[in-house]
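Only the coordinates and a few stated rules stand behind these numbers; no lab work does. These numbers come from a predicted model, not from an experiment. Cβ placement follows ideal geometry from the backbone for every residue including glycine, while neighbour counts extend to all protein chains displayed.
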Amino acid sequence: MANPWNDICEWVRSQSSNMADIVQSLASQNQVSDIGAGDALEVPASFSPVHIFVALLFCVWGFLYIRGQRRGADKGAPGAGGPEGPPDPPPPAAGGRDGRG
């Protein structure tokens, strides 16, 4: 019976050239070969979409927070038009007390 470690080592040796090619291609991932040396690949510094989304989310949160604070202050103020006391009972059913028309 063959030693399984020998089989594994043989497989690794047979794959070493493929692994070397993969490592070489990964090392050259950041190179672009079809652009001349005169072209600049600089991205202007600006807001990324994530920054814009977070800023928009913060604005919405701030608006809702301030609106809730104002609404809470309006409910506590006397004469602010809020409900005073329990709500009115519902109207009686049409057709009298027994509910028949």
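Values for this structure:
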read-out: Distance (nanometres) between label positions extended 7 Å along Cα→Cβ at LEU57 and ASP88; value: 4.6 nm
read-out: Spin-label model distance (nm) - LEU26 vs VAL12, 7 Å beyond Cα toward Cβ; value: 1.6 nm
read-out: Calculated from backbone phi, Karplus (6.51, -1.76, 1.60) coupling profile of region 13-18 in Hz, x at Gly/Pro; value: 4, 5, 8, 4, 5, 5
